[in-house]
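The values are calculated or read from the model by the stated rules, or taken from the named source; none is laboratory data. This structure is a prediction, so every number in the text was calculated from the model and none was measured. Glycine gets a Cβ as well: all are built from the backbone with ideal geometry, and neighbour counts include every protein chain shown. All accessible areas refer to the heavy atoms of the entire protein, side chains included, with ligands and DNA or RNA removed. Shrake-Rupley method; radii C 1.70, N 1.55, O 1.52, S 1.80 Å.
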Amino acid sequence: MYADVAVIGGGASGYASAVEIAEACPDTEIVIVERLLRTGKKLTATGNGKCNLSNKSLKAENYHGSVDAMKIIRKTPDYNDFFVRKMDIMCVSGSEGREGGIYPHSNSSATVVNAFRLKLDSLGVKEICDFEVKGISQKNGKYILTSEKDEIVCRKVIIACGGYAGTSFGTDGSMLRILKNMGYKTAKICPAVAPLRVSPDRLKGLKGVRAKGKISAVSDGKVLKTETGEIQFNENNISGICVFNLAYLFQKYEGKMKLRADLLPETDENNLTIYLERVRKNRSEYNIDELLTGIFVKNLAVYLVKNTLRRPMTDKINSVTDNEIKKLVKVIKCLEFEVTGCSPWQNAQATCGGIISECITENLESRLHKGIYFCGEILDTVGDCGGYNLQWAWSSGIWAGRNCAESLKGGKR
Ligand SMILES: Cc1cc2nc3c(=O)[nH]c(=O)nc-3n(C[C@H](O)[C@H](O)[C@H](O)COP(=O)(O)OP(=O)(O)OC[C@H]3O[C@@H](n4cnc5c(N)ncnc54)[C@H](O)[C@@H]3O)c2cc1C
């Protein structure tokens, strides 16, 4: 089959690029080529089914990688212009305390997928599903996309295949492997917006505990980044949005990274010491496992006392020494875990690493193959949790689509 433009990948960035090209070049034949049986599968799962599609505060510090995401985001419409005015999706800001996040008013990601379905249909964009692109080659100035049983001949290609994260939504990194064989370079790939693994021994007794606090990624004693929020302790990893936002650092600091939690950021060491000394007096006849009752949930309170004081839990609180109180204060303010790995791809929401900036022009066109454009997670930039990754997908899709459309019109490139 023939198409003027083939968009490989029916996800967020592929959708946005197809809308942009179809609006700019109405007589162009555009197909979205998708390996799954339907497009938009990952989009439906985003934001716990609510789709955190953007954020009110988009800053360079929210993106990490060699591709300058903010430079492109600034050149493209904001959520109001794109979603509200162009896509006719009513949006609201903030859902369940997630300040700054932009969501569809319906609180349902299906609304976003359905609005794209209508828009793409009205623009005449076709979809070819169950077509996994396994090879990209060139013949007579055209590109040929091949699957196991078929081929598509086209003039321009938009590669919007995502990365490795969320494997059950069609993204298994296979396109990155194809591109590597075509000569493209990638930054080191690792899961981002994901839990971080720590030794299960260190987490014994903490499984299921959630605690509000500050958490930092630390390497060689240096604090790399600090986040605040709910820290969730699991069987073999630590998660929560605050941890998700530190996960990308694993790419650079693998094997030498720690998580350091401050479980009482609002109380300084001095006040905490005074507090514990008072508790020692008031609960003197009770067992030491009650020392932190009133500050933390039971499992966390017992874990901290047990692992810091290392003595029988039947000992009485009045036997706790000043030095032991000092030790406890230190641990509560500075509880450290060695990071032993990152989470499996199926538990990650984004990919850190991807096609590096030197392989593409400012227009997101390939420097190796003219007429091939890239957008979305396949490129070497990853955003924080909170709508940043979808914003990158929309903006890079629009920008790649706009430049592809310009080249189709033979206009400025
Ligand atoms: C569970 C989950 C929740 C998330 N929630 C949010 C959120 O609320 N807010 C946010 O900002 N980000 C969120 N993200 C991240 C965000 O969804 C992604 O960063 C974004 O969807 C990436 O868009 P993309 O277009 O690059 O790729 P994708 O949306 O991943 O789409 C790529 C598409 O390409 C197809 N494909 C891959 N290879 C081929 C091939 N060889 N041939 C044909 N088709 C192919 C895949 O099947 C897929 O449909 C979430 C991610 C996950 C996994």
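Heavy atoms of the protein chains alone define the surface here; on that basis the stretch 195-342 has 51 Å² accessible area per residue at 1.4 Å probe size. Ellipsoid fit via the Cα gyration tensor, the chain: semi-axes of 50, 20, 17 Å, each the root of five times an eigenvalue, largest first. Our coupling estimate for the stretch 111-128, obtained by passing each phi through the Karplus curve with A = 6.51, B = -1.76, C = 1.60 and θ = phi - 60°, is 4, 5, 4, 5, 5, 5, 4, 5, 4, 5, 5, 5, 8, x, 7, 9, 10, 10 Hz, Gly and Pro reported as x. Averaging the Cα positions of each part gives two centres, and for the stretch 119-133 and the stretch 276-336 these lie 61 Å apart. Here the simple spin-label model places points 7 Å from the Cα toward Cβ, and for S93 and E338 these points are separated by 4.5 nm.
Translational diffusion of the stretch 295-390 was estimated from the Stokes-Einstein equation, with Rh taken as the Kirkwood radius over Cα pairs; at 20 °C and 1.002 mPa s the coefficient is 116 µm²/s. When nucleic acids and ligands are ignored and a 1.4 Å probe is applied, C334 ends up with an accessible area of around 50 Å².
The alpha-carbon of K86 sits under 14 angstrom from the alpha-carbons of these aspartates and glutamates, leaving out residues fewer than 8 places away in its chain: E20, E23, D78. Rounded to the nearest 10 degrees, the inclination of helix 269-282 to the longest alpha-carbon principal axis of the chain is 50 degrees. For the pair N323 and K212, label points projected 7 Å from Cα toward Cβ lie 3.6 nm apart. Mean sequence separation of contacting Cα pairs (under 8 Å, at least six apart), scaled by the length of the stretch 195-342, corresponds to a relative contact order of 30 percent. The stretch between M182 and K252 holds 22.6 nm of extra length on full extension. This uses 0.36 nm per residue minus the Cα-Cα distance. With both labels modelled 7 Å from their Cα along Cα-to-Cβ, the K149 to D220 distance reads 5.6 nm.
Near I325, once Lys and Arg are set to +1 and Asp and Glu to -1 for all other residues with Cβ below 9 Å from its Cβ, the sum equals 0. For the chain, the carbon plus sulfur part of the accessible surface works out to 47%, probe radius 1.4 Å. The alpha carbons of the stretch 195-342 stretch over 49, 28, 23 Å along the principal axes, in descending order. For a label point 7 Å from the Cα of V297 along Cα→C-beta, name the residues of the stretch 191-219 whose backbone N is under 16 Å from it. From the stretch 191-219, the list is 203-214. Stokes-Einstein, applied to the Kirkwood radius of the stretch 1-159 over Cα pairs at a viscosity of 1.567 mPa s and 4 °C, places its translational diffusion at 77 µm² s⁻¹.
With a threshold of 21 Å on the Cα-Cα distance, the over-threshold entries among K71/K134; K71/K180; K185/K252 are K71/K134; K71/K180.
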